[in-house]
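Working notes, beginning with the structure itself.
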Amino acid sequence: MSNDSHLQLKGLSKAFGSQTVLDRIDLDIPLGEHTTVIGKSGTGKSVLLKCISGLLASDSGTISASGKQGIPSCSYMFQQNALFDSMTVEENVALPLRETGKAGKEEIEQRVGDMLAQLELSPASKKYPAEISGGMKKRAALARALITSPEIILFDEPTTGLDPQRKYAVFDMIRDYRKRFGFTVVMVSHDVPEVFEISDHIAWLDEGKIKFWGTPKQLAENTPDALKPFLNPKLASA
Amino acid sequence: MISKLGRYSIRFVSEFGELAGFSGRAAVSLPGQRHVFEKLTRALFEIGVRCVPITLIVGLFTGLVLGLQLYYVLTKFSSESLLGQAVALSIILEIGPVFTAIMIVGQAGSALSAEIGIQRNAEQIDALHTMQINPIGFLVSPRLWAAVIAFPILTTFFDLIGIYGGYLTGVQLLGVDPGAYWNRIYDAVSLQNIFNGLVKAFVFGIVTTLICSFQGYYTHIKADIPGARGVSQTTTRAVVYSSIAILVFDYLITSFQMGQ
């Protein structure tokens with residue numbers, strides 16, 4: 001794949017005080033595909049996502065896509081969804097359009113209605129986040145992320161705190177909607193091996209560096225020794 | 001000891017600098033917002049309308065107590081007829097703006113700080129960033145401009161009900177002549193006095209809203225403990241700092257007004 005269809009991180013570094021979290025990371029993320037960044041807690045996976053999204057300024061390095069500096073339109077799905085409690089599902093989804101776009105009221109209503117219908121959220125449109133289930137909240141957050149038709153969606157541990165059934169439901173949702181809408185997914189997760197089923201590429205972040213990059217199949221065939229205890233915790237305790 | 005003092009001084013100066021930067025951004029961000037009128041109306045309801053009952057209650061009882069206290073002081077000098085003047089000037093120049101501001105901080109300022117703090121902890125402020133929405137413009141600016149409008153209006157309500165409270169105790173309860181009460185007010189209170197009191201309310205509105213928003217907005221940095229206790233800590237700080245700021249600015253503005 002040419003660099004034109006990649007999100008490229010070059011020499012990306014981020015430190016908090018004396019603690020280096022990201023150490024000159026180079027990563028080529030194929031656009032239009034699903035890349036999952038795995039790694040132990042506290043290794044800087046979320047920091048990496050925040051640097052990509054611009055929420056955190058990196059200390060050094062560059063991010064470019066399709067040969068251009070910066071990243072294309074991008075949305076961010078937060079661990080806890082970050083829905084506004086005092087707004088209904090409909091208002092939450094409409095928020096980016098209302099506050100930034102040039103769309104009129106009718107167009108916004110139309111687009112939000114369509115999006116809610118596509119994500120099977122129409123019955124919950126007038127409800128507040130506190131009145132809907134965890135799965136619906138995830139879908140509402142995804143609807144808000146999708147409403148501006150971003151090219152990339154960054155998922156920060158989207159299954160944190162969910163039971164196995166709901167976890168699979170969220171993964172299925174991400175896979176299905178990615179196929180339907182065609183966005184690029186960059187996801188951070190420690191749900192291994194479940195994430196391998198939906199990911200096209202796996203990046204293993206450890207000690208501030210990307211120590212493995214490849215497809216799930218390549219990972220299964222050629223697992224780095226240092227990654228084995230993470231993939232199979234029983235090995236670590238043996 | 002000296003190093004500790006130095007650390008505190010540096011912290012104070014840097015916090016003051018951060019607050020100044022935050023204030024500048026809050027002041028100029030409103031015009032860039034969409035649906036400004038709607039946001040301003042909602043903020044006016046939160047800061048203004050919701051604070052009317054507490055302002056009226058506190059204003060009435062302040063006037064009642066003031067009427068009672070001043071009556072007994074003035075009686076010693078056989079000057080009960082000056083009661084209206086004393087009550088009105090005390091309320092318009094000092095008590096009205098200060099008490100109203102403290103009441104609004106207690107009701108709306110604490111709520112503002114806690115709400116923004118919770119939004120920070122729930123990553124809603126980060127979500128605004130990722131949606132390309134200016135969080136300060138969206139969350140703080142409408143409240144700041146609403147406070148600029150609401151504080152002087154609520155202070156006027158306080159002044160009026162407070163003066164009426166003084167009338168109830170002085171005239172209705174203790175027998176001061178009603179004509180003397182109102183005439184003394186009419187003679188003694190100038191437009192300049194009213195303007196001076198409202199200038200204080202205006203300044204208190206800006207200062208307290210910025211302090212409360214600032215504490216909530218940076219709760220993740222300012223609080224010693226993360227999470228709910230951190231929000232509680234920054235909310236308490238917001239109220240305490242705002243109350244101190246009200247008294248400090250009251251002194252400064254009074255000194256300036258007296259010097260003129």
Name the residue, out of B:A122, B:A108, that is open to solvent by 10 Å² or more (accessible area, probe 1.4 Å), closer than 20 Å to A:S86 by Cα and in contact with a Cys (Cβ under 9 Å, 6 or more places away or on another chain).
B:A108
Pairs needed: first member in region B:221-240, free of Cβ contacts under 8 Å to residues at least 24 places away in the same chain; second member anywhere, in a loop (DSSP other than H, G, I, E, B); C-beta distance under 7 Å; at least 6 residues apart or different chains.
B:Q233/B:A223; B:Q233/B:D224; B:Q233/B:I225
Exception for B:T208 within (1) of a type in the set (S, T, Y); (2) closer than 26 Å to B:G109 by Cα; (3) open to solvent by 30 Å² or more (accessible area, probe 1.4 Å); (4) at pLDDT 95 or above falls at (3)
What residue, among those in region A:16-32 that are surrounded by fewer than 16 Cβ atoms within 10 Å (Cβ to Cβ) and in contact with an Asp or Glu (Cβ under 8 Å, 6 or more places away or on another chain), is farthest from the other protein chains (Cβ to nearest Cβ)?
A:D23
Out of all the residues in region B:31-70, which are assigned to a helix (DSSP H, G or I), open to solvent by less than 50 Å² (accessible area, probe 1.4 Å), more than 18 Å from B:P152 (Cβ to Cβ) and within 14 Å of chain A (Cβ to nearest Cβ)?
B:V36, B:K39
Considering only residues that are open to solvent by 50 Å² or more (accessible area, probe 1.4 Å), more than 10 Å from chain B (Cβ to nearest Cβ) and part of a helix (DSSP H, G or I), which ones fall in region A:58-104?
A:E90, A:E91
Here is a check on your reading of the model: is A:K50 within 9 Å of another protein chain (Cβ to nearest Cβ) and modelled with pLDDT of 90 or more?
yes
Leading residue by the ranking (modelled with the lowest pLDDT) among those in region B:1-12 that are hydrophobic (A, V, I, L, M, F, W, C) and surrounded by 10 or more Cβ atoms within 10 Å (Cβ to Cβ):
B:F12
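Tell me, yes or no, whether region A:137-151 has at least one residue that is in a strand (DSSP E or B), in contact (Cβ under 8 Å) with a residue 40 or more places away in the chain, open to solvent by 10 Å² or more (accessible area, probe 1.4 Å) and not hydroxyl-bearing (S, T, Y).
No; the residues of region A:137-151 include none that is in a strand (DSSP E or B), in contact (Cβ under 8 Å) with a residue 40 or more places away in the chain, open to solvent by 10 Å² or more (accessible area, probe 1.4 Å) and not hydroxyl-bearing (S, T, Y).
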Within region B:97-135, can you find the residues that are touching a Phe, Trp or Tyr at 6+ places or on another chain (Cβ under 7 Å) and more than 13 Å from every other protein chain (Cβ to nearest Cβ)?
B:P97, B:F99, B:T100, B:A101, B:I104
Just give me the residues in region A:177-204 being within 26 Å of A:L121 (Cα to Cα) and in a strand (DSSP E or B), in sequence order.
A:T184, A:V185, A:V186, A:M187, A:V188
Give region B:122-137 a look and list any residue that's within 20 Å of B:T235 (Cβ to Cβ) and within 26 Å of the chain's Cα centre (by Cα), or say none.
B:I125, B:P135, B:I136
In region B:167-187, what count of residues is obtained for those that are in a helix (DSSP H, G or I), out of contact with any Gly (no Cβ under 8 Å at 6 or more places or on another chain) and surrounded by 15 or more Cβ atoms within 10 Å (Cβ to Cβ)?
1
B:F22 being in contact (Cβ under 8 Å) with a residue 60 or more places away in the chain, part of a helix (DSSP H, G or I) and either on the phi > 0 side of the Ramachandran plot or aromatic (F, W, Y) (or both)
yes
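The values are calculated or read from the model by the stated rules, or taken from the named source; none is laboratory data. Fair warning: this is a prediction, and the values are worked out from it, not measured in the lab. Here the Cβ is made from the backbone with ideal geometry for all residues, glycine too, and neighbour counts use every protein chain on show. Note: areas computed on protein heavy atoms with side chains; ligands, DNA, RNA excluded. Shrake-Rupley method; radii C 1.70, N 1.55, O 1.52, S 1.80 Å.
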